[in-house]
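Novice: My questions will all concern the structure given below.
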Amino acid sequence: MNPVPLIVDLKDVSASDLPLVGGKAGKLGELIRQGLPVPPGFVVTTEAYQAFVDATELATEIPAALATIDPARPETSEAASQRIRAGFERAPFPAGLRDTLTEAYERFAKDHRVRFSAVRSSATAEDLEGASFAGLQDTYLNVTGVDAILIAVRKCWGSLFTPRVLVYRQRKGFDHASVRLAVLVQKMVDATVSGILFTRDPNTGENHMIVEAGWGLGEAVVGGEVTPDHYVVDGATQKVVHKQISEQRVRLVRAEQGGNRREEIPADQRNAQKLSDHRLQRLVSLARLIESHYRRPMDVEWCGDADALYIVQARPVTTIPTSTAPGPAPESGGDATAPILRGFGASPGVAGGVARILRGAAEMEKLKPGEVLVTAMTTPDMVPAMSRASAIVTDEGGMTCHAAIVSRELGVPCVVGTREATRVISDGSEVTVDGKTGSVYKGLTAASKSAASPPAAAMAPMGGGSGGHEGVPVTATKILVNVGVPEKAEEYARLPVSGVGLLRIEFIFTAHVREHPLALLKKGRKDELVRRLAEGIGKVCQAFHPRPVIIRTSDFKTNEYRGMPGGEEFEPVEENPMIGWRGCSRYISPVYKPAFLCELEAIHRVRTEMGLKNAMVMLPFVRNTWELEEIAEMLRAQGLRRSRDFKLYLMAEVPSTVLLAKEFSKHCDGFSIGSNDLTQLVLGADRDSETLGRMGYFDERDPAVETAIRMLIRGAHEEGRTVGICGQGPSVYPEFAEFLVREGIDSISLNADTVTSTIRTIASLEQRMKLSGLRHAE
């Protein structure tokens, strides 16, 4: 029988060797076997750890110290930790074990031309599903020379018993006595850029890859010392759908004599993109291979030098939620429209309490159970305090930093990267933290008092297209919902839809503002107008977050505006208001322009002050491209510039948008067909005429209307623009829905009461089309 080895080459191990090499080394060995770029190394096995313990006083010292721990008294964990770690520091290396390690390192250094090494803990209870042990055991970078390697190995073994690890293991249900530690020694990459990648959004469960990148060694990113660049990549298409570049002033780099040092980043690099588009795509490709191998979402640590990218860790994502539905909105009892801070929503949930500012681990005892932990950035030493907190808010870090990973595993709402939480929040004040949207509110809101666990109804799963509800089929065509009044938003958000295809802002005027906007402006009540609009829009965006909400700016006709309080003074009497002063023509009019700018300001406030980036804009009743150019200037002036995370859509209601679809495509990201108005104007049939309606003139299924829709879809698609529809036709006429699907409509936005039935109709249509296509292919 072969003896159990003390040393193994990293390329010779796999995940099945976990008891011998630990979780980290086992997974990296698997990746080497799959041909992925992993720095070479060797593993000091758990057998070597046990040999060290058995040959020294630690054989009796460890169990004796562990027996003194009282879970109700944190100080006993601290005392036991100090006792065990002191034993590791003073116990001499058994001669035979020392010789074996020395020989292994010298052979490794020669074979791979190693000058600097990374010495990394790899525990048997590490990188597991449900427990990542993120950053809890020690790692030493840029270690050089065999003596330094041996010291680092000893320190890694001792880190198996730090107070933070003892608390974490106890919380996760691991037996202290059964856990052993291997140590991984790898060739150190002289990293110019490093970061983390999640193959699935750990906060929402959506099929998005989350990539974070910073200059220098990855310890600064993982530890939350810097706020990294943040990239969101569509998991299906591998296209970058969001990119946020962060300023970085310092980085961690290799010191010439070993170890690490911090250095200032030159001014011209501080705001530069850390990961080139080419390298980002390469990294995404590697991550897809890793996820494919493990057949589950993965959390990947990576780094890159001047020549290549390397994978340095891969573990299961431990916190994918069972639902992507938003939790309770922080409203009623607090000012939900005005968060005092915004950052990255790193761990979902809503919680509130007394804010306690901690300047470091030394102040942990200040935090009482149920208080909100506010700090510059958590460290692994702060896990005991994090486990007592009702919520966590940090100045620095991204959604892959230590605070984010651990808070998700603890189930604690967390917002990171606020930049100024420790300055803005007063110690002892009450705050509410929304870990879904990344917002922090002053005071305790109703949601924070009732959201210890989101209600079952609110946690109903939301599939991407239309899946996720039991018995509701999945469709390739994206299904959205129309929202009129904000009060219905939370109810509609539970439907199996991908977002809101039409939020009519004029309904917010009637429900929340209740007065003609120009009348309010004349009275000097602009702030009130903007605030009320933002409240209504924000309520909808918050309920559906992070799913998109397309807000159609006001499209009242003159007769409708005239009926509002104060409207008679500003609205003319028109013989045919349906084709009169409405839509975009109002926005560029000197008379109404100030009111339109208030709409844009409200939307900008929702996106910035509330942190609800899912708010998009759609312009109604567009007639000409020149009016769009003027409106685009207004949008830009209000901070609403077309980008990957802000889309501008046009209602396709006027035939000119159909006939000149390619020209209009230059001014927007997509179209939404307003089938009522388009039918009215193509057929010259007043949609309000009861006589024409009874005679059958008003019908979306008319060949002329269908021809117009076909022209729009083809013209827009040729320019790379999407086309949806937000009229009622698809839910009323199954044959009209079939026509749209066959023509390649991208999305259909429905009234709430028709969502489920229409999804089934569309799913059936798509299945028939698929079967028909297969038959024709034979």
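Novice: Answer yes or no: is there a residue in region 78-93 that is polar (S, T, N, Q), crowded, with 16+ Cβ neighbours inside 10 Å and either modelled with pLDDT of 85 or more or touching a Cys at 6+ places or on another chain (Cβ under 7 Å) (or both).
Specialist: yes
Novice: While we're on this one: Here are the criteria: (1) in contact with a Lys or Arg (Cβ under 9 Å, 6 or more places away or on another chain); (2) within 21 Å of Gly343 (Cβ to Cβ). Tell me which single one Ile265 does not satisfy.
Specialist: The single condition Ile265 does not satisfy is (2).
Novice: Is it the case that some residue within region 40-52 is assigned to a helix (DSSP H, G or I), open to solvent by less than 20 Å² (accessible area, probe 1.4 Å) and of a type in the set (S, T, N, Q)?
Specialist: yes
Novice: If Arg607 satisfies all but one of (1) at positive phi; (2) not in a loop (DSSP other than H, G, I, E, B), what's the number of the condition it fails?
Specialist: If we test Arg607 against (1) at positive phi; (2) not in a loop (DSSP other than H, G, I, E, B), just (1) comes out false.
Novice: Counting residues that are modelled with pLDDT under 80, which helices (runs of 4 or more DSSP H) fully inside region 682-778 reach at least 3?
Specialist: Of the helices (runs of 4 or more DSSP H) lying wholly inside region 682-778, those with at least 3 residues that are modelled with pLDDT under 80 span 690-695, 729-732, 755-777.
Novice: Assess whether Met616 counts as being open to solvent by 10 Å² or more (accessible area, probe 1.4 Å), assigned to a helix (DSSP H, G or I) and among the aliphatic types (A, V, I, L, M).
Specialist: Here the answer is no, as Met616 does not meet what is asked.
Novice: Within the bounds of region 504-517, is there any residue that is at pLDDT 75 or above, in a loop (DSSP other than H, G, I, E, B) and closer than 30 Å to Thr204 by Cα?
Specialist: Checking region 504-517: not a single residue is at pLDDT 75 or above, in a loop (DSSP other than H, G, I, E, B) and closer than 30 Å to Thr204 by Cα.
Novice: Can you name the residue in region 138-188 that is part of a loop (DSSP other than H, G, I, E, B) and at pLDDT 85 or above and, of all such residues, is surrounded by the most Cβ atoms within 10 Å (Cβ to Cβ)?
Specialist: Going through the qualifying residues, I end up with Met188.
Novice: Among (1) of a type outside the set (S, T, N, Q); (2) open to solvent by less than 40 Å² (accessible area, probe 1.4 Å); (3) closer than 16 Å to Leu612 by Cα; (4) touching a strand residue (DSSP E or B) at 6+ places or on another chain (Cβ under 6 Å), there is one condition Leu502 misses while meeting the rest; what is its number?
Specialist: Single failed check for Leu502: (3).
Novice: Show me the strands (runs of 3 or more DSSP E) entirely contained within region 395-489 in which 3 or more residues are modelled with pLDDT of 85 or more and on the phi > 0 side of the Ramachandran plot.
Specialist: In region 395-489, no matching strands (runs of 3 or more DSSP E) lie anywhere.
Novice: Let me ask something else about it. Report the residue count in region 578-590 for those that are open to solvent by 10 Å² or more (accessible area, probe 1.4 Å) and part of a helix (DSSP H, G or I).
Specialist: Matching residues across region 578-590 total 3.
Novice: What is the one condition in (1) out of contact with any Pro (no Cβ under 6 Å at 6 or more places or on another chain); (2) among the small types (Gly, Ala, Ser); (3) part of a helix (DSSP H, G or I) that Ser77 does not satisfy?
Specialist: All conditions pass for Ser77, except number (1).
Novice: Specify the residue that is farthest from Pro94 (Cα to Cα); the eligible residues are those in region 54-72 that are of a type outside the set (Gly, Ala, Ser) and free of Cβ contacts under 8 Å to residues at least 12 places away in the same chain.
Specialist: Within region 54-72, the match that is farthest from Pro94 (Cα to Cα) is Asp70.
Novice: Here's another thing I want to ask about it. Of all residues being within 28 Å of the chain's Cα centre (by Cα) and within 20 Å of Leu597 (Cα to Cα) in region 542-563, which is surrounded by the fewest Cβ atoms within 10 Å (Cβ to Cβ)? Just the residue, please.
Specialist: Taking the candidates together, the pick is Thr553.
Novice: Okay, next question. Restricting attention to region 416-439, which residues are aliphatic (A, V, I, L, M), over 13 Å from Ser390 (Cβ atoms) and open to solvent by less than 40 Å² (accessible area, probe 1.4 Å)?
Specialist: Matches in region 416-439: Val416, Ala421, Ile425.
Each row is one residue, and each column tells you yes or no for (1) assigned to a helix (DSSP H, G or I); (2) closer than 27 Å to Ala118 by Cβ; (3) modelled with pLDDT of 85 or more.
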{"site": "Glu206", "(1), (2), (3)": "no, no, no"}
{"site": "Ala220", "(1), (2), (3)": "yes, yes, no"}
{"site": "Gln238", "(1), (2), (3)": "no, no, no"}
{"site": "Val253", "(1), (2), (3)": "no, yes, yes"}
{"site": "Glu256", "(1), (2), (3)": "no, yes, no"}
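Novice: Got a sec? Which of Lys662, Lys647, Lys593 is surrounded by fewer than 23 Cβ atoms within 10 Å (Cβ to Cβ), over 30 Å from Met711 (Cα atoms) and in contact (Cβ under 8 Å) with a residue 40 or more places away in the chain?
Specialist: Answer to the selection: Lys593.
Novice: Kindly provide the set of residues from region 63-106 that are of a type outside the set (Ser, Thr, Tyr), under 44 Å from the mean Cα position of the chain (by Cα) and under 30 Å from Lys187 (Cβ atoms), ordered by number.
Specialist: Matches in region 63-106: Arg85, Phe88, Glu89, Leu101, Ala104.
Novice: Then there's this: Which of (1) surrounded by 19 or more Cβ atoms within 10 Å (Cβ to Cβ); (2) charged (D, E, K, R); (3) modelled with pLDDT of 90 or more is the odd one out, the single condition Asp17 does not satisfy?
Specialist: Of (1) surrounded by 19 or more Cβ atoms within 10 Å (Cβ to Cβ); (2) charged (D, E, K, R); (3) modelled with pLDDT of 90 or more, only one is false for Asp17: (3).
Novice: Condition first: touching a residue at least 12 places away in the same chain (Cβ under 8 Å), of a type in the set (Gly, Ala, Ser) and open to solvent by 30 Å² or more (accessible area, probe 1.4 Å). Now tell me which residues in region 346-382 satisfy that.
Specialist: Ala361, Gly370, Ala376
Novice: Please go through region 270-284 and pick out each residue that is in a helix (DSSP H, G or I) and surrounded by 12 or more Cβ atoms within 10 Å (Cβ to Cβ).
Specialist: Matches in region 270-284: Arg279, Leu280, Gln281, Arg282, Leu283, Val284.
Novice: Only one of (1) among the β-branched types (Val, Ile, Thr); (2) within 26 Å of Thr204 (Cβ to Cβ); (3) assigned to a loop (DSSP other than H, G, I, E, B) is not met by Val540, so which one is it?
Specialist: Going through the list (1) among the β-branched types (Val, Ile, Thr); (2) within 26 Å of Thr204 (Cβ to Cβ); (3) assigned to a loop (DSSP other than H, G, I, E, B), Val540 breaks only (3).
Novice: Now a separate question. Failed condition for Gly566, given (1) small (Gly, Ala, Ser); (2) assigned to a loop (DSSP other than H, G, I, E, B); (3) open to solvent by less than 30 Å² (accessible area, probe 1.4 Å), with all others met?
Specialist: (3)
Novice: In region 703-718, which residue that is within 37 Å of the chain's Cα centre (by Cα) and surrounded by fewer than 21 Cβ atoms within 10 Å (Cβ to Cβ) is farthest from Gly674 (Cα to Cα)?
Specialist: Only one residue tops the list, namely Glu718.
Novice: Could I ask something else about it? If a residue must be under 31 Å from the mean Cα position of the chain (by Cα) and polar (S, T, N, Q), how many such residues does region 492-528 contain?
Specialist: Total satisfying the criteria: 1.
Novice: Could you look through region 388-397, keep only residues that are within 23 Å of the chain's Cα centre (by Cα) and of a type outside the set (A, V, I, L, M, F, W, C), and pick out the one that is nearest to Arg169 (Cα to Cα)?
Specialist: Step by step, filter region 388-397, then rank; the result is Ser390.
Novice: For region 228-268, which positions are open to solvent by less than 30 Å² (accessible area, probe 1.4 Å) and either free of Cβ contacts under 8 Å to residues at least 60 places away in the same chain or farther than 28 Å from Val143 by Cβ (or both)?
Specialist: Asp229, His230, Tyr231, Val232, Val233, Gly235, Val240, Ser246, Gln248, Leu252, Val253, Ile265 - these are the residues of region 228-268 that are open to solvent by less than 30 Å² (accessible area, probe 1.4 Å) and either free of Cβ contacts under 8 Å to residues at least 60 places away in the same chain or farther than 28 Å from Val143 by Cβ (or both).
Novice: Another one. Quick one: which residue in Ile631, Ile537 is closer than 24 Å to Glu490 by Cβ, in contact with a strand residue (DSSP E or B) (Cβ under 9 Å, 6 or more places away or on another chain) and modelled with pLDDT of 90 or more?
Specialist: Exactly one of Ile631, Ile537 is closer than 24 Å to Glu490 by Cβ, in contact with a strand residue (DSSP E or B) (Cβ under 9 Å, 6 or more places away or on another chain) and modelled with pLDDT of 90 or more, namely Ile537.
Novice: Is it the case, given these coordinates, that Pro546 is part of a loop (DSSP other than H, G, I, E, B) and either small (Gly, Ala, Ser) or within 30 Å of Asn207 (Cβ to Cβ) (or both)?
Specialist: yes
The values are calculated or read from the model by the stated rules, or taken from the named source; none is laboratory data. As the structure is a prediction and not an experimental result, all values here were calculated from the model. Ideal geometry is used to build each Cβ from the backbone, glycine not excepted, and the neighbour counts take in all protein chains shown. All accessible areas refer to the heavy atoms of the entire protein, side chains included, with ligands and DNA or RNA removed. Shrake-Rupley method; radii C 1.70, N 1.55, O 1.52, S 1.80 Å.
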